[in-house]
Ligand code: IPE
Ligand code: IPE
Ligand code: MG
């Protein structure tokens, strides 16, 4: 994408994407839903590389929600296998790609093999600072806030913190996203216009772009369109 100097200065440093529409993409082709997830995984690779090439520092992706356990065992199992493959590949290519991996969500409910891969990827990539991918995995925004509240309460009970002096900035340190700036832009493909429990705290002042394309069909040109739309927005943050 060709950017003016003004646009370069305004480029979002953090983009968050709800990777939605895999199932409908597969259905349209008469394929099983899992084929849609596989295609969606390829799209993720393409978009992550593209984000890096245009200078986006943080990319957060919604990969599996706390509500997605309602799906069939077959679909969940296939998703977990795709995630394991992706992470095993990420670990293998870590030194070449130098991407920092972070995981938002409650990893304790994942199968031990996947959980181990997540923790390894997070630990082994912690020193890469150029680009960061935040995988939201067994993630729910409400669950994140409740876990943060519990961790804060435990610190209060241990005498490490005082409840009276809690600030928004201090509370953010208890969220999964601690240390990560809020996304300026949240994109949801697939035509649905809702957040589905994705980063509710962090997106309080984000710009939202909803798009009609299904995630497996989403390409760099769609990301450009979303960013162009973002450039046209007037962000006021409550001011005038
Ligand atoms: C998003 O695609 C992927 C996950 C939720 C894991 P969907 O599977 O929700 O696709 P649709 O919305 O049914 O088309
Ligand atoms: C949100 O999509 C979760 C992910 C993309 C991982 P869903 O497909 O689960 O959301 P709803 O059910 O349409 O709200
Ligand atoms: Mg969906």
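The values are calculated or read from the model by the stated rules, or taken from the named source; none is laboratory data. None of the values given here were measured: they were computed from a predicted structure. Methodologically, a virtual Cβ is constructed for each residue, glycine included, from the backbone with ideal geometry; neighbour enumeration extends over all protein chains shown.
Out of 190, 203, I need the residue that is modelled with pLDDT of 95 or more, within 15 Å of the chain's Cα centre (by Cα) and in a loop (DSSP other than H, G, I, E, B). Which one? Talk me through it step by step, then tell me what you get.
Values: 190 fails: within 15 Å of the chain's Cα centre (by Cα).
None of the other options fit; the residue is 203.
For the range 51-75, a tally of residues being under 12 Å from residue 137 (Cα atoms) and not in a loop (DSSP other than H, G, I, E, B) returns 8. Is it true that residue 115 is at pLDDT 95 or above and more than 30 Å from residue 233 (Cα to Cα)? Considered against the rule, which asks whether it is at pLDDT 95 or above and more than 30 Å from residue 233 (Cα to Cα), residue 115 comes out as yes. All told, residue 62 falls short of being surrounded by 18 or more Cβ atoms within 10 Å (Cβ to Cβ), modelled with pLDDT of 95 or more and more than 15 Å from ligand 1 (Cβ to nearest atom).
If you check residue 177 against the conditions, is it touching a residue at least 12 places away in the same chain (Cβ under 8 Å), within 21 Å of residue 12 (Cβ to Cβ) and either touching a strand residue (DSSP E or B) at 6+ places or on another chain (Cβ under 8 Å) or away from ligand 2 (no atom under 16 Å from the Cβ) (or both)?
Details: touching a residue at least 12 places away in the same chain (Cβ under 8 Å): yes; within 21 Å of residue 12 (Cβ to Cβ): yes; either touching a strand residue (DSSP E or B) at 6+ places or on another chain (Cβ under 8 Å) or away from ligand 2 (no atom under 16 Å from the Cβ) (or both): yes.
For residue 177, the condition - touching a residue at least 12 places away in the same chain (Cβ under 8 Å), within 21 Å of residue 12 (Cβ to Cβ) and either touching a strand residue (DSSP E or B) at 6+ places or on another chain (Cβ under 8 Å) or away from ligand 2 (no atom under 16 Å from the Cβ) (or both) - is met.
Only one entry of 35, 88 meets the criterion of being part of a helix (DSSP H, G or I), without any contact (Cβ under 8 Å) to a residue 60 or more places away in the chain and more than 16 Å from ligand 3 (Cβ to nearest atom), and that entry is 88.
Taking the stated definitions as given, is residue 3 more than 20 Å from residue 188 (Cβ to Cβ), over 16 Å from the mean Cα position of the chain (by Cα), more than 15 Å from ligand 1 (Cβ to nearest atom) and part of a loop (DSSP other than H, G, I, E, B)? Steps first, answer last, please.
Values: more than 20 Å from residue 188 (Cβ to Cβ): yes; over 16 Å from the mean Cα position of the chain (by Cα): yes; more than 15 Å from ligand 1 (Cβ to nearest atom): yes; part of a loop (DSSP other than H, G, I, E, B): yes.
Here the answer is yes, as residue 3 does meet what is asked.
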